[in-house]
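Visitor: The structure that follows is given in the form of structure tokens.
Derivation of every value follows stated rules applied to the coordinates shown; laboratory data play no part. None of these values were measured; they are calculated from a predicted model. Glycine gets a Cβ as well: all are built from the backbone with ideal geometry, and neighbour counts include every protein chain shown.
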Amino acid sequence: MIARVALPIPRAAPFDYEVPPGLPLAVGDRVRVPLGTRHLWGVVVGLVPEPTFPGPLLPVEATAGPALSPAVLGVIGEVAERSFVGIGLALGRLVPPPSRGRVREVELARGASGEATGPAEAGVLAAVAAGTTRVEDLRRLPGGGRAVSALLRKGLLQPRRLPFSFREERREIALTPHQEAAVAAICEGIGAGREYLLFGPPGSGKTEVYLRAAAEGLSRGGSALLLVPEVSLLPQLWTRAARVLGAAPEVYFGELPAGERWRTWRGALGGTVRCAVGTRSAAFLPVPDLGLIVLDEEGEPAYKQEEMAPYYHARAVAEERAAREGVGVILGAAAPAVETYFRAERGEIELLTLPERVVGAPPTVHAAPRGEDVIGPVLRDAMARHLAGGGQVLLFAHRRGYFTGAACPCGAILRCPRCEIPLVFHLSDRAFRCHACGLALANPSCPSCGDTRLRLFGVGTERAEHEARRLFPSATVARLDTDTAAERDRILEALAQGRIQILVGSQMIGKGLDFPGITLAGVVNADGLLATPDFRAGERSYQLVAGVAGRAGRGDRPGEVVVQTDQPDYYPIRCALQGDYRGFYAEELRYREALRYPPFARLVRLVASGSGAEAKAEKLAQDLARRGLEVLGPARLFPRRGVPRAQLLLRGGEDVVDALRAVVPSPPPWLKVDPDPMWLG
Ligand code: ADP
Ligand code: ZN
């Protein structure tokens, strides 16, 4: 018997190995095999009587048992093929590695009660907040042994069995007739391979609907996967899911330690894990009898893995599972992707609408000019009013950092020497940082004239936080962005308990959070995204403004939203302020049709990188055009870490990927191929 083994090597096809007699092996098992002088772990993707490799074969060395189900193996194969990478590489990146031996690390997380005493305990808590969670490592800190035991007794540390220590009050919820109808419709689709768009404004009870549907699916003996676009939304979803489903779901996302991911993955394979909440990678979990996959806020770009091959969109993964495993797919959104709404309008996806908020009234919304101040008079007055009335305030800024740009008197903008994007000044370490490569400069001077008198401009989250503290010194202000993500659970819990009055943040706070105490949501600068040269800039702006607006007034008290913008009449912003998705969609669709962008065409993004990138891209563009493909570009992109890059876009119909494959069956290593790109440039 011959095992075809996919190994984590870019673009390589599976290799043939001899199966030693008596070794039980199945497709989907993880095995160790020799390759040259190395020993690699790979996955069995086929068992065949005859080898395709003509030479002598080496034997499989070891097996670690099943790594994934045949269905998920098929889905990952499809995902790999679509983004032109070998299945071995895709498996290596998407299936968590097995934990070594029988060692099971115990990890600790910050708990809620008690008070820390003394420097040793404070040191341990600081280390936990900074991401050191293994008991073994914490005990090695000065005085750590005793401090850990004391903190465990006081409840300030707890084993990370329950991933979140988030609390909310329990209450009984009676569904509205619209919700009832949506649940009933979705329940018909459980396990039937049907797809739904659950469309409704923020607070219309979408989450409640899909949790009820998931509960029904689980009670019929199936499994369910519930996805959110952002880790910061997991604590709340997990808590609500535990309440509605009657049992806590597992949690799965890329930042979790590999050992924890493997534990959940293996539980799914073994049939003990039947429900999980997670981010995009959780769409691959090999749970048995999967009845339902939910994507909440399906229009969010974070559902697309675009940094590293294999490039995939969690929606496409869910749809592939619907085709192979008969899974029901629910796409929930207040601001769906234009492509999704287009398909729903044409009946390719079943449209279920929840027309209005279930609690409270729609918030009062104003646009205010941006002006010179970070927090202008309209926003400032609103903040003062809401704080005085006991409300909480959410303040959104696009970018992290303090000043988002620096300019020399000669007119030059300070840029990363390796990536050419503008450097952002961070107050925390008083450095100008590149958000692409992490480079930090302490005392930069103008690269063209050497001047050091730089003018700093733009508003990042640190600056918005600083201004909020200055204007409202007695309020408790916190900031949540990727720089403070280590404290995310603690910050969100403090917000839930009313211990934070003003929460400043970036993308992480712009969507999905459901905190009834927040009565005012402010956007410091809504125009930032409109400046990006991307055909989806309008859609992003709509999603962002509508998303932030949806955070206000989710309790009994009326909500208010202030959006600082210089373009209040530009349709994405105007429609977002009015909560008018259909109005936005209608205008956006006209623009997409006129310029033949998705959904009226499909795009494939090709990025050449390395020396001579532009010349290579130019040559490729000519080859493709000669074979009848429509090519846009090449366009020079900003380099990454000094590596030059150039981009081509292919435009065509559904068959554009096949047309590309006919010309370029196996792309060279310098070429990245992304079908259905979310970000261009
Ligand atoms: P969405 O997902 O559309 O933003 P949610 O499901 O989060 O909406 O509902 C918003 C809030 O209203 C939540 O706090 C939820 O618990 C509550 N809620 C949902 N449905 C009902 C209902 N039928 N009656 C009362 N409260 C509800
Ligand atoms: Zn850089």
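Visitor: In the chain, if the dipole is taken from +1 on Lys/Arg beta carbons and -1 on Asp/Glu beta carbons about the Cα centre, which of Pro229, Ile330, Gly193 is farthest to the positive end?
Guide: Farthest towards the positive end: Pro229.
Visitor: Continuing with this model, one more query. Take the Cβ-Cβ distance between Ala13 and Asp429 as r, set R0 to 41 Å, and report the resulting FRET efficiency rounded to the nearest 0.05.
Guide: 0.30
Visitor: How much length is gained if the chain between Arg140 and Arg499 is pulled fully straight, taking 0.36 nm per residue apart and subtracting their Cα-Cα distance, in nm to one decimal?
Guide: Separation in residues times 0.36 nm, less the Cα-Cα distance, equals 126.0 nm.
Visitor: For segment 252-300, what does the convex hull of the Cα positions come to per residue, in cubic angstrom?
Guide: Cα convex hull per residue, to the nearest whole number: 67 Å³.
Visitor: What's the exposure ranking of Met1, Met383, Met678, Met308, going from fewest to most Cβ atoms within 10 Å?
Guide: By the 10 Å Cβ count, ascending: Met308, Met1, Met678, Met383.
Visitor: Would you work out which of Leu589, Gly123, Gly538 lies farthest towards the positive end of the dipole of the chain, given +1 charges on the beta-carbon of Lys and Arg and -1 on that of Asp and Glu, about the Cα centre?
Guide: The one lying farthest along the dipole's positive direction is Gly123.
Visitor: Got a sec? How would Asp381, Asp580 order by Cβ neighbour count within 10 Å, fewest to most? Please list the in-between numbers first.
Guide: Working: Asp381 13, Asp580 16.
Listed from fewest to most nearby Cβ atoms, that is Asp381, Asp580.
Visitor: Also: In whole Hz and in residue order, list the ³J(HN,Hα) couplings for segment 287-300 that follow from phi through the Karplus curve 6.51 cos²θ - 1.76 cosθ + 1.60, θ = phi - 60°; x for Gly and Pro.
Guide: 5, x, 6, 5, x, 8, 10, 10, 10, 7, 6, 5, x, 5
Visitor: May I ask you to derive the relative contact order of segment 251-303, considering only C-alpha pairs under 8 Å and at least 6 residues apart, and to give it as an integer percent?
Guide: Relative contact order, segment 251-303: 36 percent.
Visitor: Another one. Per the Kirkwood definition applied to all pairs of different Cα atoms, how many angstroms is the hydrodynamic radius of segment 353-472?
Guide: Kirkwood hydrodynamic radius for segment 353-472: 16.8 Å.
Visitor: Further, regarding this structure: Tell me, in nm to one decimal, what length is gained between Asp289 and Phe53 on full extension, where the rule is 0.36 nm per residue of separation less the Cα-Cα distance?
Guide: 81.3 nm
Visitor: Compute, for segment 295-339, the length of the dipole vector about the Cα centre, with Cβ point charges of +1 (Lys, Arg) and -1 (Asp, Glu) only. Units Debye, rounded to 20.
Guide: 180 debye
Visitor: So what is the relative contact order of segment 605-655, in percent, for Cα pairs below 8 Å that sit 6 or more residues apart?
Guide: 45 percent
Visitor: Could I ask something else about it? How big is segment 531-681 on each of its three principal axes, counting only the C-alpha atoms and giving the largest first in Å?
Guide: 60, 34, 27
Visitor: I've got another one for you. Go ahead and run the numbers for FRET between Ala485 and Ser219, Cβ-Cβ distance against an R0 of 35 Å, rounding to 0.05.
Guide: Numbers: r = 36 Å, r/R0 = 1.02.
Efficiency, from the Cβ-Cβ distance: 0.45.
Visitor: If we count every other residue with Cβ under 13 angstrom of Arg11's Cβ, Lys/Arg +1 and Asp/Glu -1, where does the sum land?
Guide: 0
Visitor: Related question: Setting aside same-chain residues fewer than 8 positions from Lys511, which lysines have a Cα under 30 Å from its Cα?
Guide: Lys206, Lys304
Visitor: Let me ask another. I need the Debye-formula profile for segment 178-226: one equal scatterer per C-alpha, no solvent, reported as log10 I(q)/I(0) at q = 0.19, 0.22, 0.25, 0.26 1/Å, two decimals.
Guide: -0.58, -0.77, -0.97, -1.04
Visitor: Here's another thing I want to ask about it. Amide H to amide H, which residues 5 or more places from Val523 or on other chains are under 5 Å from it, using H placed in the peptide plane?
Guide: Excluding prolines and chain starts, which carry no amide H, the hits are Phe396, Val562, Val563, Gln564.
Visitor: To the nearest whole percent, what portion of all C-alpha pairs in segment 185-332 is separated by more than 26 angstrom?
Guide: 14 percent
Visitor: Something else: At 7 Å along Cα-to-Cβ for each site, give me the label-to-label distance between Glu345 and Thr132 in nm.
Guide: Distance between label points: 5.6 nm.
Visitor: What is the extension gain from Phe600 to His366, computed as 0.36 nm multiplied by their sequence separation minus the C-alpha to C-alpha distance, in nm to one decimal?
Guide: Numbers: separation 234, 0.36 × 234 = 84.24 nm, distance 3.39 nm.
That pair, Phe600 and His366, stretches by 80.8 nm at full extension.
Visitor: Additional query: Along Cα→Cβ, 7 Å out, is where each label goes; now give me the distance between the ones at Cys449 and Leu175 in nm to one decimal.
Guide: Using points 7 Å along Cα→Cβ, the separation is 6.7 nm.
Visitor: A follow-up question, please. How large is the helix-only mean residue ellipticity at 222 nm for the chain, computed as the sum of -39500 (n - 2.57) over DSSP H runs with n ≥ 4, divided by its residue count, in deg cm²/dmol to the nearest 500?
Guide: Using -39500 (n - 2.57) per qualifying helix, the result is -9500 deg cm²/dmol.
Visitor: How do Arg274, Arg30 line up, fewest other C-beta atoms within 10 Å first?
Guide: Listed from fewest to most nearby Cβ atoms, that is Arg30, Arg274.
Visitor: Quick one: Karplus J couplings for segment 254-264, per residue in order, coefficients 6.51, -1.76, 1.60, θ = phi - 60°, nearest Hz, x for Gly and Pro?
Guide: Coupling constants for segment 254-264: x, 6, 5, x, 3, x, 6, 5, 5, 4, 5 Hz.
Visitor: Taking the convex hull of the alpha carbon atoms in the chain, what volume per residue do you get, in Å³?
Guide: For the chain, the hull spanned by Cα atoms encloses 188 Å³ per residue.
Visitor: Please state, rounded to one decimal and in Å, the Kirkwood hydrodynamic radius that segment 348-418 gives when every pair of distinct Cα atoms enters the mean of 1/r.
Guide: It is 17.2 Å.
Visitor: Debye calculation, C-alpha points only, no solvent: report log10 I(q)/I(0) for segment 1-51 at q = 0.14, 0.23, 0.27, 0.29 Å⁻¹, in the same order as the q values.
Guide: Results for segment 1-51 at q = 0.14, 0.23, 0.27, 0.29 Å⁻¹ read -0.31, -0.83, -1.11, -1.25.
Visitor: Expressed as a rounded percentage, what relative contact order does segment 283-431 have, with Cα pairs under 8 Å and six or more residues apart?
Guide: Reported relative contact order: 14 percent.
Visitor: Give the span of segment 431-580's Cα atoms along each principal axis, as three whole-Å numbers ordered largest to smallest.
Guide: Result, largest extent first: 57, 37, 28 Å.
Visitor: Quote the FRET efficiency, to the nearest 0.05, computed for Ala62 versus Thr272 with a Förster distance R0 of 25 Å and r equal to the Cβ-Cβ distance.
Guide: Once rounded, the FRET efficiency stands at 0.50.
Visitor: Along the charge dipole of the chain, Cβ charges K/R +1 and D/E -1, which of Gly55, Pro377, Gly155 sits furthest on the positive end?
Guide: The residue sitting most towards the positive pole is Gly155.
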